[in-house]
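Heads up: the structure comes next, in C-alpha cells.
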Amino acid sequence: MASTTGITDELKHLREKIRTLLHETKAILLAHNYQRPEVQDIADLCADSLELSIKASQTDAEVIVFCGVHFMAETASILCPDKKVLLPVSDAGCPMADMITANDLRKKREEIPDVVVISYVNTTAEVKAETDICCTSANVIQVANSVDPSRQIFMTPDKNLAQYAIEHTDRNIMYWEGFCPVHNNLTVEQVREAKSAHPEALFLAHPECPPEVLELADEVKSTSGMIAYAGNSESREFIIGTEIGILHPLSKANPDKFFFPADPGMICSDMKKIGLREILTALENLQPEVKVPKEIRERAKGAVDRMLAIPSE
Ligand code: 13P
Ligand code: SF4
C-alpha cells in the first residue's frame, strides 16, 4: 500500500516540478502520439509529426522540449532557429531516418536528372537539405499531387509510404528502399487473426505498413488521423496497425470505444526512451540541445516550408 501511494506521490511531485520549470523557463512541451502515457499526459500538445511541426513553427515559447525522436527535434530547430530545442534523451533516434544519407541522395540526383525529391519528415536535417519538399504520413498524397505531373519524383526513405503514394496518385514515383522496422514487420496473417478475433472492428493502418497489409485496411491514416477518425466513426471497435503508444490517446479521447493492436509487439523502443525524470533533468540543465547548423538549416527549411504551405486534408 505504502509503495502504491509512494509511486503516485512521486509521479505527482515530478509532474508538478516539470510544470513549474516549464513555466519558469518559458518552455512548451511537445510529445508524439507514441510517447509513454505519463509523458503524453503532461504535454502541452500530443500529436503527429505534421501537427508537431506546425505547432513548433507557431509557438512563442522560448524553449521547446521535444518528446519524440531526433528528426522531430531537428525539424523544430530548422523551423525555430532562435529557440532552444531540447531532446531529453539525445540518442532517441529513428532507425528509418538513418537508412539514407545526404550523400546517398546526392548520388540519386546525379543518376536521375531533373528529379523532384520528396523526403518523409523522418529524415535527418542533412537529407532535408538535399530535398525539394518534405511530407508526413498526414499529407503525402497532397504533397505528391503538388508536383507537376510531367516531373519524375524520387521519394525517400520509406518504400511503403512511397508505394502508398503511387497507389493513390497518378504521379511518376521512384523510391528509396528504406522502411520502419516497427511497421514493416506487420503481416497479413496477424491482421487476419485480429480481424477474426474482432469481426466487428474496423482496421486502421499507418502508411508505413507494407502494401499487402494496407490492402486490408478500412482506413490508412497518420497517428492523429486515426484519433480523429475513431472519434467521428459510428464504429465502436478498431484494430490498430501502428505503434502501440497510440492506444493511450485513442482510449483517452474515446473512452466508450475499444482499440485492439494488430500486433502488440509493435513497439518503437526509441519512442519509449524519454520519461518524466529525463524531462525534469533536461529542464534543469537546459540540455541536451538539438541545434541544426546554419548552412544545413537554411537549405532544409525550404523543403519543410514548402510542405507547410500545402493545405492538409
Ligand atoms: P505520424 O506522423 O503519423 O505520427 O508518424 C510518425 C512516425 O514516426 C510513424 O512511425
Ligand atoms: Fe521511426 Fe518507425 Fe519509430 Fe516511427 S515507429 S520513429 S518510423 S522507427
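For the condition basic (Lys, Arg), at positive phi and more than 15 Å from ligand 2 (Cβ to nearest atom), what is the one hit in LYS26, LYS55? It would help to see each step written out before you state the result.
On the way: LYS55 fails: at positive phi.
Criteria check complete, one pass: LYS26.
Of all residues in the range 158-182, those being in contact with a strand residue (DSSP E or B) (Cβ under 9 Å, 6 or more places away or on another chain), within 16 Å of ligand 2 (Cβ to nearest atom) and open to solvent by 20 Å² or more (accessible area, probe 1.4 Å) number 6.
In the list ILE240, ILE246, ILE296, ILE227, which residue meets the criterion of being in contact (Cβ under 8 Å) with a residue 24 or more places away in the chain, assigned to a helix (DSSP H, G or I) and in contact with a Pro (Cβ under 7 Å, 6 or more places away or on another chain)?
On the way: ILE240 fails: assigned to a helix (DSSP H, G or I); ILE246 fails: in contact with a Pro (Cβ under 7 Å, 6 or more places away or on another chain); ILE296 fails: in contact with a Pro (Cβ under 7 Å, 6 or more places away or on another chain).
Step by step, each of ILE240, ILE246, ILE296, ILE227 is checked, and only ILE227 is in contact (Cβ under 8 Å) with a residue 24 or more places away in the chain, assigned to a helix (DSSP H, G or I) and in contact with a Pro (Cβ under 7 Å, 6 or more places away or on another chain).
Can you tell me which residue is nearest to ligand 2 (Cβ to nearest atom) among those in the range 34-47 that are out of contact with any His (no Cβ under 7 Å at 6 or more places or on another chain) and open to solvent by 10 Å² or more (accessible area, probe 1.4 Å)? Explain how you work it out, then say what you get.
Let us first name the residues in the range 34-47 that are out of contact with any His (no Cβ under 7 Å at 6 or more places or on another chain), namely 34-36, 38-39, 41-47.
Adding the requirement that they be open to solvent by 10 Å² or more (accessible area, probe 1.4 Å) leaves 34, 36, 38, 41, 43-46.
Details: TYR34: 6, ARG36: 14, GLU38: 19, ASP41: 20, ALA43: 17, ASP44: 21, LEU45: 18, CYS46: 15 Å.
Across the range 34-47, the extreme among qualifying residues is TYR34.
Taken together, the residues in the range 183-212 that are of a type in the set (A, V, I, L, M), surrounded by 15 or more Cβ atoms within 10 Å (Cβ to Cβ) and in contact with a Phe, Trp or Tyr (Cβ under 9 Å, 6 or more places away or on another chain) amount to 5.
Which residues, counting only those in the range 102-138, are part of a loop (DSSP other than H, G, I, E, B) and within 16 Å of ligand 2 (Cβ to nearest atom)? Even if it seems obvious, please write down each step before you answer.
First, the residues of the range 102-138 that are part of a loop (DSSP other than H, G, I, E, B): 112-115, 121-124, 130-132, 136-138.
VAL121, ASN122, THR123, THR124, THR136, SER137, ALA138, listed by residue number.
Within the range 294-313, the set of residues being open to solvent by 60 Å² or more (accessible area, probe 1.4 Å) and basic (Lys, Arg) comprises LYS294, ARG299, LYS301, ARG306. For the range 3-33: of the residues being buried (at least 22 other Cβ atoms within 10 Å of the Cβ) and not aliphatic (A, V, I, L, M), which is nearest to LEU247 (Cα to Cα)? Among those residues, the one meeting the criterion is ASN33. Pairs linking a residue in the range 195-206 that is closer than 11 Å to ARG236 by Cα to a residue that is within 16 Å of ligand 1 (Cβ to nearest atom) and of a type in the set (A, V, I, L, M), with Cβ atoms under 8 Å and 6 or more positions apart or on different chains, do not occur.
Number of residues in the range 260-293 that are within 16 Å of ligand 1 (Cβ to nearest atom), open to solvent by 20 Å² or more (accessible area, probe 1.4 Å) and either free of Cβ contacts under 8 Å to residues at least 24 places away in the same chain or not basic (Lys, Arg) (or both) equals 7. Total residues in the range 72-97 satisfying the condition of being assigned to a helix (DSSP H, G or I) and either open to solvent by 10 Å² or more (accessible area, probe 1.4 Å) or not hydrophobic (A, V, I, L, M, F, W, C) (or both): the figure is 5.
Within the bounds of the range 222-243, is there any residue that is among the hydroxyl-bearing types (Ser, Thr, Tyr), open to solvent by less than 50 Å² (accessible area, probe 1.4 Å) and more than 15 Å from ligand 2 (Cβ to nearest atom)? Don't jump to the end; show me each part of the working.
The initial filter retains those residues of the range 222-243 that are among the hydroxyl-bearing types (Ser, Thr, Tyr), namely 222-224, 229, 233, 235, 242.
If we keep only those that are open to solvent by less than 50 Å² (accessible area, probe 1.4 Å) as well, we get 222-224, 233, 235, 242.
Imposing the further condition that a residue be more than 15 Å from ligand 2 (Cβ to nearest atom) reduces the set to 233, 235.
Among the residues of the range 222-243, at least one is among the hydroxyl-bearing types (Ser, Thr, Tyr), open to solvent by less than 50 Å² (accessible area, probe 1.4 Å) and more than 15 Å from ligand 2 (Cβ to nearest atom), which makes the answer yes.
The values are calculated or read from the model by the stated rules, or taken from the named source; none is laboratory data. Since this is a predicted model, take the numbers as computed values, not measurements. Neighbour counts are summed over all protein chains in view; Cβ atoms, including those assigned to glycine, are modelled from backbone coordinates with ideal geometry. What goes into the accessible areas is simple: the full protein's heavy atoms, side chains included, and nothing from ligands, DNA or RNA. Shrake-Rupley method; radii C 1.70, N 1.55, O 1.52, S 1.80 Å.
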